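Participant: Questions regarding the structure given below will be posed in turn.
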Amino acid sequence: MLTCDDQVLTPVTLGEEADAGVKPLRMRVALPKTCIGLCEINARYPLLSAAATESTLHIPLLMPLDVELTSNIATITPAADQQVAVAPGAWAAVEGGLIQAASPRTRELSAAQRTAELTLKLRGENGGNAAINIDRAWIQTCITQQPSAARQDQVVLQFATRRHELTITLPDGAARDQATVQVNGMAVAPRAAGDNALIIPLPNDIEQQRYVLNLQYHFPGPRAGRGAMKFEFPSLGEDAWVRHAYWQLLLPPEEHLVIAPRGMTGEFAWGWNHFYFGRQPLLNQVDLETWAGLSHPGNLPAPTGMNVYLFSSLGRIDSCEIVTSGRSTIVFLSSGVALLAGLLLIYVRAARHPVVLLAATALLAGLAAIYPELALLAGQASAVGLALVLLAAFLRQLITGSVRPRLPELSSAMTPIIPVPRSADLPAPVGAARPPSQATIIPMPPEVAT
């Protein structure tokens, strides 16, 4: 799996080319964004561990093709009773480095040229500290409203090891004494060890030394409130390697996942779920039980009436963080924002300015591109607010359309018109000078001299 900035990259295979008996695979990947300066690409891929006490391990490496390579640096951390030596070749050990000073067991290697693989010599691995190769892991977390056990977990591991017993540490708060363990379909009695750890005996009559572990435990007491939640999962130590894992989350019907865990890939498809458009897992309960290797798939109770979310990961899952919210809260917030925006558009003239509309459209488009799942969930939940906006617009149009300008009313009674004489027609009082009457003056043509 290739990742860059916590985003999974999809490589495109270009072909193979021979190189001293080794056929490396040429691939091309597209970065999620333009990178200027330092750019880090992480690659994770499983390797078959050595079963013998002394063996040679060949580790294929990823090398860039279109850039100039300046140096290679590799760090190796062996098990407690294991010794690692680098084979003669392009790689050489770096003595006295900062990494070795911080962790004495870690070896630092360097190579100045392009190399296709790293060859190591392993020694001293015994049965007590043998590695654990977990091919498939399925973790189911069920969140309920029960006051006595709000969280119930089930962990199914399909692994191979040469150990005679397995030590697994449960998360803090789990009821260790009430945990049930099955190995290859048979119930076993684990021993308590340390802080919330269990020692599980493994049968010795298995020829291929492959096991299927089914562990179930719960957390007593009521659950925490909705919102941000952090989940811790069982740990098998640093020597355990998980190749492929599924995490199945079950929430109550009225609770929905708002923000998915980082570093995991959602295994679902969008489809019509009863009365809303939601996420539908690609694998159901029976599919996951069959994939994990349970001997009798379908015997476990399948989740009914709950919101199911499925995620996958290439590698171990130690912990994750999510954010949930109730259905009523999502509808109230989304519809409230939609209603407020609609009322502003109806009653505030400035909100209908083209610049304001363009800025709001760009903001909504950017948020939908960054958080597409959250945008789809909020868009459906805002249907109530949009309906109220349409109702408000209809009522405003109905009220403003019924109001008409009123003309002045005319009275039917006839008022007599009394002529008022002009001042020029009135007789002048005795002894008073009569004002000159206004007469029309007609201009005369000018005299022409003869």
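Yes/no matrix, rows are residues, columns are (1) basic (Lys, Arg); (2) in contact (Cβ under 8 Å) with a residue 12 or more places away in the chain; (3) in the same structural domain as Pro297 (by TED's automatic domain parsing); (4) not in a loop (DSSP other than H, G, I, E, B):
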| site | (1), (2), (3), (4) |
| --- | --- |
| Leu157 | no, yes, yes, yes |
| Arg162 | yes, yes, yes, no |
| Leu166 | no, yes, yes, yes |
| Gly173 | no, yes, yes, no |
| Asp177 | no, yes, yes, yes |
| Ile200 | no, yes, yes, yes |
| Pro203 | no, yes, yes, no |
| Leu213 | no, yes, yes, yes |
| Tyr217 | no, yes, yes, yes |
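Participant: Do we find a residue being modelled with pLDDT under 90, in contact with a Gly (Cβ under 6 Å, 6 or more places away or on another chain) and surrounded by fewer than 16 Cβ atoms within 10 Å (Cβ to Cβ) anywhere in the range 226-248?
Facilitator: Taking every residue of the range 226-248 in turn, none turns out to be modelled with pLDDT under 90, in contact with a Gly (Cβ under 6 Å, 6 or more places away or on another chain) and surrounded by fewer than 16 Cβ atoms within 10 Å (Cβ to Cβ).
Participant: Within the range 344-393, how many residues are over 32 Å from the mean Cα position of the chain (by Cα) and either assigned by TED's automatic domain parsing to the domain that holds Ile259 or closer than 30 Å to Glu255 by Cα (or both)?
Facilitator: The total comes to 2.
Participant: Here is a further query. Mind checking whether some residue in the range 132-146 is touching a Ser or Thr at 6+ places or on another chain (Cβ under 7 Å), closer than 30 Å to Thr290 by Cβ and either exposed (fewer than 12 other Cβ atoms within 10 Å of the Cβ) or at pLDDT 80 or above (or both)?
Facilitator: For the range 132-146, residues touching a Ser or Thr at 6+ places or on another chain (Cβ under 7 Å), closer than 30 Å to Thr290 by Cβ and either exposed (fewer than 12 other Cβ atoms within 10 Å of the Cβ) or at pLDDT 80 or above (or both): present.
Participant: Same structure, new question: I need a count of the residues in the range 147-159 that are modelled with pLDDT under 85 and either of a type outside the set (Ser, Thr, Tyr) or within 19 Å of Ala187 (Cα to Cα) (or both). Before the answer, list the steps.
Facilitator: First, the residues of the range 147-159 that are modelled with pLDDT under 85: 147-150.
Narrowing the set further to residues that are either of a type outside the set (Ser, Thr, Tyr) or within 19 Å of Ala187 (Cα to Cα) (or both) leaves 147, 149-150.
So the answer is 3.
Residues checked against (1) touching a Phe, Trp or Tyr at 6+ places or on another chain (Cβ under 9 Å); (2) assigned to a loop (DSSP other than H, G, I, E, B); (3) modelled with pLDDT under 85:
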| residue | (1), (2), (3) |
| --- | --- |
| Ala351 | no, no, no |
| Gly366 | no, no, no |
| Glu373 | yes, no, yes |
| Leu376 | yes, no, yes |
| Val389 | no, no, no |
| Ser411 | no, yes, yes |
| Ile417 | no, yes, yes |
| Ser437 | no, yes, yes |
| Val448 | no, yes, yes |
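Participant: Look through the range 87-131, keep the residues that are under 30 Å from Ile168 (Cα atoms) and hydroxyl-bearing (Ser, Thr, Tyr), and return whichever of them is modelled with the highest pLDDT.
Facilitator: Top of the filtered list is Thr106.
The values are calculated or read from the model by the stated rules, or taken from the named source; none is laboratory data. Everything quoted here is computed from the prediction, not taken from an experiment. Note that each Cβ is placed from the backbone with ideal geometry, even for glycine, and that neighbours are counted across all protein chains shown.
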